[in-house]
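**Student:** Right, I'll just put the structure down here and ask away after.
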Amino acid sequence: MEDSITMDLESGLSLPIMEHFYTIQGEGRYTGTAAYFIRIGGCDVGCHWCDVKESWNPSIHPVSSVDKIAETAASQSKTIILTGGEPLMWNLEPLTSRLKNLGCRIHIETSGAYPLSGHIDWICLSPKKTALPLESVYAKANELKVIVYNNHDFIFAEEQASKVNDNAILYLQPEWSNRNKVTPKIIDYVMKNPKWHVSLQTHKYLNIP
């Protein structure tokens, strides 16, 4: 049985699902949009300010059939957001193919540290200093979302902006625990550098998942 589970995980026929739920997208280009989130367990990028560190260890999350999770998600919304953890640690071809067959539009939130897989309509690239994105992800990112925790992150943001394609929308987003300190700095920076946009974690202000 364990060998069968391992094979399904490696092929992407099953995935460790931390949670899945219907809510409102709180960040980036599609802020305010109703969407079904699928949070896939597993991440080795290791951001110190990550607000879902419980997602890092895939072994503690139940392994679910992608057919089952796709049918559940598509019955609630046709806008699906794959997040984590780091969803690209896994082969997303089976899950996204099933979602596409069910008429869904698929978004992904990723650090870009792993190769793209599956059928993705919108790529939100949120790069991390501990594991920089692959060139192939920079090239296809639809939006670049840089989390700002301190002043150096503005330098990092410009470095990352120089690597994405010309069509990527650029966002600066305050790290939640430090938002009162950095949000005014982000506002000032965007006003001086209007190629950037402000992204807020509006779902936390609204107290929704």
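**Student:** What do you reckon, is residue 98 among the basic types (Lys, Arg), on the phi < 0 side of the Ramachandran plot and within 15 Å of the chain's Cα centre (by Cα)? Break it down stepwise before answering.
**Tutor:** On the way: among the basic types (Lys, Arg): yes; on the phi < 0 side of the Ramachandran plot: yes; within 15 Å of the chain's Cα centre (by Cα): no.
In short, no.
**Student:** Turning to a different aspect of this structure: Here are the criteria: (1) buried (at least 21 other Cβ atoms within 10 Å of the Cβ); (2) over 18 Å from the mean Cα position of the chain (by Cα). Tell me which single one residue 73 does not satisfy.
**Tutor:** Status for residue 73: all satisfied but (2).
**Student:** If you don't mind, there's one more thing I want to ask. Go through (1) modelled with pLDDT of 95 or more; (2) surrounded by fewer than 20 Cβ atoms within 10 Å (Cβ to Cβ) and name the single condition residue 66 misses.
**Tutor:** The failed condition is (2).
**Student:** Scan region 14-60 for residues that are touching a Pro at 6+ places or on another chain (Cβ under 7 Å) and surrounded by fewer than 18 Cβ atoms within 10 Å (Cβ to Cβ) and jot them down.
**Tutor:** If we filter region 14-60 for residues that are touching a Pro at 6+ places or on another chain (Cβ under 7 Å), which is where we start, we get 16-17, 21, 23, 40-42, 58.
Those that are touching a Pro at 6+ places or on another chain (Cβ under 7 Å) and surrounded by fewer than 18 Cβ atoms within 10 Å (Cβ to Cβ): 21, 23.
**Student:** Considering (1) modelled with pLDDT of 95 or more; (2) in contact with a Phe, Trp or Tyr (Cβ under 8 Å, 6 or more places away or on another chain); (3) more than 21 Å from residue 28 (Cβ to Cβ), say which one residue 108 fails and leave the rest.
**Tutor:** Residue 108 satisfies all of (1) modelled with pLDDT of 95 or more; (2) in contact with a Phe, Trp or Tyr (Cβ under 8 Å, 6 or more places away or on another chain); (3) more than 21 Å from residue 28 (Cβ to Cβ) except (3).
**Student:** Do we find a residue being among the hydrophobic types (A, V, I, L, M, F, W, C) and within 17 Å of the chain's Cα centre (by Cα) anywhere in region 22-34?
**Tutor:** So the first thing to find is which residues in region 22-34 are among the hydrophobic types (A, V, I, L, M, F, W, C), and the list is 24, 34.
Filter once more, keeping what is within 17 Å of the chain's Cα centre (by Cα): 24, 34.
Yes, because at least one residue in region 22-34 is among the hydrophobic types (A, V, I, L, M, F, W, C) and within 17 Å of the chain's Cα centre (by Cα).
The values are calculated or read from the model by the stated rules, or taken from the named source; none is laboratory data. Since the structure is predicted, the reported quantities are computational estimates derived from the model, not experimental observations. Positions of Cβ are backbone-derived with ideal geometry, glycine not excepted, and every protein chain shown enters the neighbour counts.
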